[in-house]
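A.B. asks: Below are the structure tokens for one structure; questions will follow.
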Amino acid sequence: MRLRIDLAYDGTAFHGWAAQPALRTVQGELTAALATVLRRPAGELQVVCAGRTDAGVHARGQVAHVDLADDPGDLEQLARRVNGVLPADARVHRIAVAPPGFDARFGALWRRYAYRIADDPAAVDPLHRHHVLAWPRRLDLDAMNQAAATLVGLHDFASFCKQRPGATTIRTLLGLSWSRDDAGVAVGRVKADAFCHSMVRALVGCLVAVGEGRRPPEWAQEILMARRRDSAVAVLHAHGLTLEEVAYPPDHELAARAELTAARREATDP
């Protein structure tokens, strides 16, 4: 039986999603909680997520799956018991039987992140300091949106990714735009079929340089077309970034989507 797990977490005290020896991670805590409640060795449980967030990055809409050899019983009760074991900075919203063909990672159509920046002293709320970046200079969101529009589409984002040998940096950026919320915080919303390591934070770093007036809007496309990392592009702090939502196709298309995505990854990744 495959279970779908919808969860959220404050990434402040986590060393990212992926389990690492002697480090506190979301995958490690969730696996340990499931093992405790289900009374199984943690080594028997492989929890797979939709987006492997980096250290300090948060999630409101993370999705994961885990395979079990037998029926765990009442899933609402299972979720309650798992939450009783999890630390306060991680919470399971729902556990459900996954439909046939569901794969949290390969089945996703897109992931949507938000990056929040308080660029006005009046908008800096100390209670939000763990998920909103305080910035000392006012940003021109119109200029940032002008630059962002040149990045949307299917491109090689090598200029914005921490590369792994043999791994593809080609992604389809489905949306990238900036606006202000009711508190005046600048919110960058970015959606893509998938993201490579540090991609969103590098994109934001590039656009912030434009928003401050240090670079013209055309600079973003120049960086993109160079297809190599440029030290002038800062990778902004992790704590301003939150995974907001993951979307999946209709149930009858899940298996085909997962198969297609996995095949693409295998063709380009080591």
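A.B. asks: Would you mind telling me which residue in Val200, Val26, Val152 has the biggest mean-square fluctuation in a Gaussian network model of the chain, where springs connect alpha carbons within a distance under 10 angstrom?
C.D. replies: Its mean-square fluctuation being the largest, the pick is Val152.
A.B. asks: Give the residue from Ala183, Leu68, Gly240 lying farthest towards the positive end of the charge dipole for the chain; charges sit on Cβ (+1 for Lys and Arg, -1 for Asp and Glu) and the dipole is referred to the Cα centre.
C.D. replies: The one lying farthest along the dipole's positive direction is Gly240.
A.B. asks: Going 7 Å from the Cα of Asp193 toward and past its Cβ, which residues in the stretch 82-112 have a backbone nitrogen under 18 Å from where you end up?
C.D. replies: From the stretch 82-112, the list is 103-112.
A.B. asks: For the chain, what is the convex hull (Cα atoms) projected area averaged across all directions, in square nanometres? Don't jump to the answer; show the numbers that get you there.
C.D. replies: Values: hull surface 60.2 nm².
In nm², the orientation-averaged hull projection of the chain is 15.1.
A.B. asks: At 7 Å along Cα-to-Cβ for each site, give me the label-to-label distance between Glu253 and Leu154 in nm.
C.D. replies: Roughly 1.6 nm, to one decimal.
A.B. asks: Note down the nm distance, to one decimal, between modelled labels 7 Å out along Cα→Cβ at Ala22 and at Gln163.
C.D. replies: The answer from the label model is 3.2 nm.
A.B. asks: GNM, the chain, Cα, under 10 Å: largest mean-square fluctuation among Trp110, Trp219, Trp178?
C.D. replies: Trp219
A.B. asks: Right, another one. Note the full-extension length gain between Ala13 and Ala234 as 0.36 nm times their separation in residues minus their Cα-Cα distance, in nm to one decimal.
C.D. replies: Separation in residues times 0.36 nm, less the Cα-Cα distance, equals 77.3 nm.
A.B. asks: Here's something else I'd like to know. Using helices alone, I'd like the mean residue ellipticity at 222 nm for the chain: each DSSP H run of four-plus residues gives -39500 (n - 2.57), total over residue count, nearest 500.
C.D. replies: Taking each H run of at least 4 residues, the total per residue is -8000 deg cm²/dmol.
A.B. asks: Rounding to the nearest 20 debye, state how big the charge dipole of the stretch 1-93 is about its Cα centre with +1 on each Lys and Arg Cβ and -1 on each Asp and Glu Cβ. Walk me through the numbers before you get to the answer.
C.D. replies: Values: 10 positive and 11 negative charges, 19 e Å.
With only Lys, Arg, Asp and Glu charged at Cβ, the dipole is about 100 debye.
A.B. asks: Please give the net charge around Ala238, taking every other residue with its beta carbon less than 14 angstrom from that of Ala238, where Lys and Arg add +1 and Asp and Glu add -1.
C.D. replies: Numbers: positive: Arg52, Arg116, Arg129, Lys162, Arg201; negative: Asp10, Asp54.
Net charge around Ala238: +3.
A.B. asks: Further, regarding this structure: With 16 Å as the cut-off, how large is the P(r) tail for the stretch 56-172, expressed as percent of Cα-Cα pairs?
C.D. replies: Tail of P(r) above 16 Å: 78 percent of Cα pairs.
A.B. asks: I want to verify a result. In a Gaussian network model of the chain, Cα cutoff 10 Å, which of these has the top mean-square fluctuation: Leu109, Leu75, Leu151?
C.D. replies: Leu75
Values quoted throughout were computed directly from the atomic coordinates according to the rules given, and no laboratory measurement underlies them. Everything quoted here is computed from the prediction, not taken from an experiment. FYI the Cβ positions are ideal-geometry reconstructions off the backbone, even for glycines, and counts take in every protein chain you see.
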